[in-house]
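Have a look at the structure below before the remarks.
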Amino acid sequence: MFTRRFVLKSSGLALVSFGAVPAVLARALGAAKGARRKKTLVVVFQRGACDGLNTVIPYGEEPYRRLRPTIAIPAPRGGSREAALDLDGFFGLHPALHPLLPLWKEGSLAAVQAVGSPDPTRSHFDAQDFMESGTPGRKSTEDGWLNRHLQDDPDPGATPFRGVSMTPALPRILAGRVPAVAMASIREFGLRPAAGGAAAREFEEMYREPVRDVLHGAGRGTFEAVRFLRQADPTRYRPAAGVEYPRGRYGDSLMQIAQLVKADVGLEVAFTETGGWDHHAGEGGVQGQLAGRLRELGQGLAAFHRHLGDRMGDVVVVTLTEFGRTVRENGNRGTDHGHASVSLVLGGGVRGGRVAGRWPGLAADRLHEARDLAVTTDFRDLLGEVLDRHMGARDLGAVFPGHAATPSRFPGVMRS
Amino acid sequence: MHIACRSWTCLALSLALAGRPDAAPQSTLDEEEARIVHALNRLAHGPRPGDVEAVRTMGLAAWIDRQLRPEDIRDDALASRLDGIETVALSSAELMEGYAPSREARREIQKRRAELGGNPSQEDERKARRELMRKYRGDMKGLPRQVVEELQAAKVLRAVYSERQLDEVLVDFWLNHFNVFADKGAGRFLIGAYERDVIRPHAWGRFEDLLKATAESPAMLFYLDNWLSVDPEAASRLGERRNTGKRSRIGGRGLSGRRRPARERMAESDAPPPQGRGRRRGLNENYAREIMELHTLGVDGGYTQKDVTEVARCFTGWTVRGLRDSKPEFTFDGRVHDRGDKVVLGRRIEAGGKDEADRVIHMLASHPSTARFVSYKLARRFVADEPPPALVDRAAATFRSTDGDIRAVVDAIVRSAEFAAPEARAAKVKTPFELVVSAVRASGAEVTDARDLARRVAGMGMPLYLQQAPTGYKETAEAWVSTSGLLARLNFALDLAAGKVSGVRMDLDALAGAGRDPASALAARLVPAGLSESTKETLAGEDGLDSARVAGLILGSPEFQRR
């Protein structure tokens with residue numbers, strides 16, 4: 001009854017093209033033959049400022065134990081999980097991270113101590129912002145460095161999934177000119193069935209019109225992307241029995257990033273985040289709040305590594321956090337906002353099994369503003385090294401404007 | 001920063017012409033009606049059922065006149081809708097007193113978290129927090145979150161229901177131009193007053209007054225950190241005074257001591273700061289940069305890094321007092337003001353306390369780059385993503401000749417030939433906020449609770465009052481038509497029509513009317529400018545669609561994404 005006044009559908013064109021292989025998929029398939037497989041960088045952001053000193057523990061430093069009377073992790077005791085797990089005779093891993101120890105030993109996991117931003121802000125908001133824009137001190141940068149990396153390496157044949165954030169909204173780090181996808185989950189990337197059936201076909205027809213404008217372009221891209229993802233069907237790459245991601249959003253999103261990698265959707269940069277690192281009170285030691293967060297973090301990374309198997313050779317994961325925490329514990333058995341923290345680097349080509357970065361020490365005169373671990377590795381130099389060595393970035397100056405991320409400043413986490 | 005003022009020299013009618021569908025929607029409207037629909041799409045948040053007829057009766061020119069004088073428009077219906085929202089009329093002080101957890105509450109929360117020990121899941125932590133909140137809720141009128149949720153809901157309600165539609169559009173424009181962010185610590189308690197008492201009363205006045213009001217607002221001083229910016233020499237100066245036995249009121253160890261700066265904690269928590277203690281001991285250039293780059297001259301407006309530093313020096317001492325006592329207000333603290341002479345944009349500014357920055361504000365507001373930059377942005381908002389340079393020139397000339405009279409500049413733009421030109425119609429892509437509000441208006445839906453609508457706007461990447469970058473939200477199409485953004489729009493359209501947005505009641509049958517062809521009637525109501533052939537074909541190809549599905553498809557159509 002609704003049809004009378006509308007112009008009748010004039011041809012079967014739309015239907016015919018429904019059967020065709022989406023152009024993106026065709027491009028992707030073409031690219032997959034012959035062309036080198038894309039490398040992938042995964043960034044895990046620990047929002048809230050992770051206590052790097054209780055993550056990769058400088059148990060060899062005298063002030064460490066003295067300044068942290070109730071929350072210090074005991075020095076290693078023959079692999080006991082009631083103490084730090086020895087890494088190199090000076091640093092130890094928090095015992096809650098024990099699933100990562102095998103990766104350390106096999107050489108695919110490295111840590112960078114005393115990494116951070118040159119900007120002195122102790123505001124979560126500003127520091128996260130700077131770490132995502134990649135321009136510390138400059139608030140008006142509009143795009144994020146992950147996006148700028150994609151901009152720097154234009155790829156006309158790219159799929160819509162070059163850049164994916166497993167978050168409900170696109171984070172600053174991926175914002176920018178190159179289209180990137182944000183999704184809470186692979187399953188939800190599509191149209192909701194509404195009013196008695198999927199409306200995808202109708203919408204697709206509306207946006208199919210060969211109109212050259214930004215909307216129709218995005219429309220066509222969107223439906224191609226939805227169909228592409230459905231055909232690639234990443235969720236079929238279920239982790240094998242025994243590979244257990246931690247429950248919750250962080251574990252789920254890491255698992256789905258692994259699935260996107262395995263499904264060869266053209267993923268180059270992926271982002272996910274984990275919250276709850278802001279332990280001003282009751283941080284805990286071997287057990288406690290931080291231990292709980294680290295357990296989840298480590299379990300997730302270890303599961304990701306096993307899930308990907310030999311595909312891990314194409315992937316590097318970097319953890320970032322906006323700043324570290326005070327060396328001295330506060331009156332509430334917690335720590336306050338500090339300066340440098342630690343990053344973990346995991347994956348193919350990583351020069352693992354070592355703590356990279358220059359250790360500034362915890363002696364009073366070595367501390368930043370007399371209270372915090374000093375930054376000796378600018379986070380842009382760490383990321384610059386990974387982009388350069390792993391992703392083949394062409395121009396780090398374009399990714400980190402105003403910063404000379406030259407090899408001489410790289411912390412040396414990647415095999416060159 | 002890429003405010004597109006770089007392109008004001010770009011070729012003329014690359015306009016939004018490039019962004020328009022080649023296949024123009026089939027419209028049965030006459031020219032007058034088409035102009036009315038266009039005006040309702042740009043000077044209002046889209047037409048409601050009956051609006052086109054009403055404006056036609058009044059006459060378009062008279063309607064625009066009226067919208068240019070919002071102070072003469074009664075808005076009682078909106079007022080009674082806003083009456084139901086607890087926090088919108090409260091001052092920052094009242095919000096802090098009623099909706100920020102007390103210090104005892106925060107202390108106990110921390111203690112409780114410590115006790116949880118072991119390995120509490122986030123779930124457990126949340127549960128504990130909820131329990132404590134229940135305990136302290138007695139002392140509190142509500143949670144901090146409520147303040148932002150209600151702000152967002154009120155903004156949606158105003159846009160949907162206000163009779164002063166152009167006023168709402170312009171206030172939104174200025175709020176975005178002078179963006180602040182609700183999620184940075186105490187910001188959430190300052191932003192409501194900022195919109196209500198700083199932006200709104202000055203939205204139609206002189207640009208300089210608006211600029212000055214934002215410069216003196218606790219919200220802006222806090223957001224762009226100027227409240228922490230002090231003369232680096234002030235520390236030693238105050239130290240000397242202390243040594244001579246005269247105790248500085250600024251606080252024992254604040255400026256020069258080693259005391260742990262407390263400000264970073266308050267910048268993050270809901271807690272007001274310990275006033276005067278542990279302030280940053282130096283110059284902070286954030287505000288000085290943004291006032292030139294984003295608020296006045298534009299990034300290419302002819303200033304240097306040296307100017308940024310000099311302006312920052314002029315603004316030292318412009319701060320906020322009373323954050324700790326829940327009585328935030330602007331104050332000039334001469335003790336931390338840089339006492340030297342400065343040179344800004346080539347002009348010497350002699351040491352003169354607060355007056356220095358007042359002079360800077362005047363210089364910036366009356367600078368030709370500012371006239372051009374602000375006019376460009378207004379023309380972009382009202383006319384096209386790349387506004388015709390001739391229009392921008394005329395608007396900027398009006399700005400200069402009227403000493404920055406905003407009403408005159410807006411008048412020049414919205415009554416221009418370029419505004420009314422057929423090429424301008426449907427040339428803008430709606431932002432998520434514009435899409436959501438215009439869909440509700442077009443469908444004549446009744447909104448009893450706008451919070452879910454606000455959440456939908458957020459889900460499309462535009463959380464209201466929560467744009468963290470000082471640039472504000474982009475107003476150009478390419479920012480809003482990403483893959484995930486479009487899916488969110490389509491899903492919203494389907495949900496709204498299917499009655500799945502809570503707090504919104506829609507009567508599609510009434511909207512479709514009792515005629516024999518309800519689908520066409522729905523289309524005519526929802527998109528008065530007409531649907532494209534493609535969209536009509538799509539709808540025609542589906543027999544037996546129910547009205548919710550038809551409405552959902554129309555609201556998700558490419559035509560409805562434009563205005």
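The values are calculated or read from the model by the stated rules, or taken from the named source; none is laboratory data. Every value quoted in this text rests on a predicted model; they were computed, and no experiment measured them. All Cβ positions, even for glycine, are placed from backbone atoms using ideal geometry, and neighbour counts span all protein chains on display.
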Filter region B:535-558 down to residues that are more than 7 Å from chain A (Cβ to nearest Cβ) and surrounded by 24 or more Cβ atoms within 10 Å (Cβ to Cβ) and give me whichever is nearest to A:Arg201 (Cα to Cα).
B:Ile554
Within region B:439-452, identify whether any single residue is surrounded by fewer than 24 Cβ atoms within 10 Å (Cβ to Cβ), assigned to a helix (DSSP H, G or I) and within 14 Å of chain A (Cβ to nearest Cβ), and answer yes or no.
no
Checking A:Ala96, A:Ala83, A:Ala110, A:Ala114 in turn, the sole residue that is more than 14 Å from every other protein chain (Cβ to nearest Cβ), under 21 Å from A:Glu296 (Cβ atoms) and buried (at least 24 other Cβ atoms within 10 Å of the Cβ) turns out to be A:Ala110
Among the residues of region A:360-415, write down those that are free of Cβ contacts under 8 Å to residues at least 60 places away in the same chain, part of a loop (DSSP other than H, G, I, E, B) and over 22 Å from the mean Cα position of the chain (by Cα).
A:Leu367, A:Ala370, A:Arg371, A:Ala404, A:Thr406
Looking at region A:279-299, which of its residues are more than 7 Å from chain B (Cβ to nearest Cβ), surrounded by 22 or more Cβ atoms within 10 Å (Cβ to Cβ) and not in a helix (DSSP H, G or I)?
A:His279, A:Glu283
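For a quick check of your reading: which helices (runs of 4 or more DSSP H) sit entirely within region B:500-545 and have at least 3 residues that are within 21 Å of B:Leu435 (Cα to Cα) and in contact with a Pro (Cβ under 9 Å, 6 or more places away or on another chain)?
Of the helices (runs of 4 or more DSSP H) lying wholly inside region B:500-545, those with at least 3 residues that are within 21 Å of B:Leu435 (Cα to Cα) and in contact with a Pro (Cβ under 9 Å, 6 or more places away or on another chain) span B:508-512.
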Taking B:Ser532 as the residue in question, decide whether it is of a type outside the set (Val, Ile, Thr), buried (at least 24 other Cβ atoms within 10 Å of the Cβ), at the interface with chain A (Cβ under 8 Å from one of its Cβ atoms) and closer than 27 Å to B:Ala477 by Cα.
no
Quick check: anything in region A:69-85 in contact (Cβ under 8 Å) with a residue 12 or more places away in the chain and outside any loop (DSSP other than H, G, I, E, B)?
yes
Note down all Cβ pairs under 7 Å where the first residue falls in region A:44-57 and is on the phi > 0 side of the Ramachandran plot, the second is among the acidic types (Asp, Glu) and modelled with pLDDT under 95, and they're at least six residues apart or on different chains.
A:Gly48/A:Asp278; A:Ala49/A:Asp278
Condition first: among the basic types (Lys, Arg) and modelled with pLDDT of 95 or more. Can you find one or more residues in region B:158-171 that meet it?
yes
Residues that are among the basic types (Lys, Arg) and under 26 Å from the mean Cα position of the chain (by Cα), at least 1 per element: which helices (runs of 4 or more DSSP H) completely within region A:190-264 meet that?
A:214-232, A:249-262
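Kindly indicate whether A:Arg227 is touching a residue at least 24 places away in the same chain (Cβ under 8 Å), surrounded by fewer than 21 Cβ atoms within 10 Å (Cβ to Cβ), at the interface with chain B (Cβ under 9 Å from one of its Cβ atoms) and touching a Leu at 6+ places or on another chain (Cβ under 9 Å).
Judged against the criteria, A:Arg227 is not a match.
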Give all pairs with beta carbons closer than 9 Å in which a residue from region B:327-338 that is crowded, with 20+ Cβ neighbours inside 10 Å and assigned to a helix (DSSP H, G or I) meets a residue that is modelled with pLDDT of 95 or more and not charged (D, E, K, R); count only pairs at least 6 apart in sequence or on separate chains.
B:Val336/B:Thr316; B:Val336/B:Gly317; B:Val336/B:Thr319
When every residue in region B:488-503 that is within 21 Å of B:Gly461 (Cβ to Cβ), among the hydrophobic types (A, V, I, L, M, F, W, C) and surrounded by fewer than 24 Cβ atoms within 10 Å (Cβ to Cβ) is compared, the one nearest to the other protein chains (Cβ to nearest Cβ) is B:Ala488
Quick one: B:Gly282 ticks every box in (1) at pLDDT 60 or above; (2) touching a Gly at 6+ places or on another chain (Cβ under 9 Å); (3) within 12 Å of chain A (Cβ to nearest Cβ); (4) surrounded by fewer than 21 Cβ atoms within 10 Å (Cβ to Cβ) except a single one, so which number is it?
(2)
Residue in region B:456-466 that is modelled with the lowest pLDDT, counting only those that are more than 8 Å from chain A (Cβ to nearest Cβ), surrounded by 20 or more Cβ atoms within 10 Å (Cβ to Cβ) and at negative phi
B:Met460
Under 7 Å between Cβ atoms, which residue pairs at least 6 apart in sequence (or on different chains) link something in region B:47-73 that is outside the structural domain of B:Glu168 (by TED's automatic domain parsing) and touching a residue at least 12 places away in the same chain (Cβ under 8 Å) with a partner that is surrounded by 17 or more Cβ atoms within 10 Å (Cβ to Cβ) and among the aromatic types (Phe, Trp, Tyr)?
B:Val55/B:Trp63
Among the residues that make up region B:345-358, is at least one of them outside any strand (DSSP E or B) and buried (at least 22 other Cβ atoms within 10 Å of the Cβ)?
yes
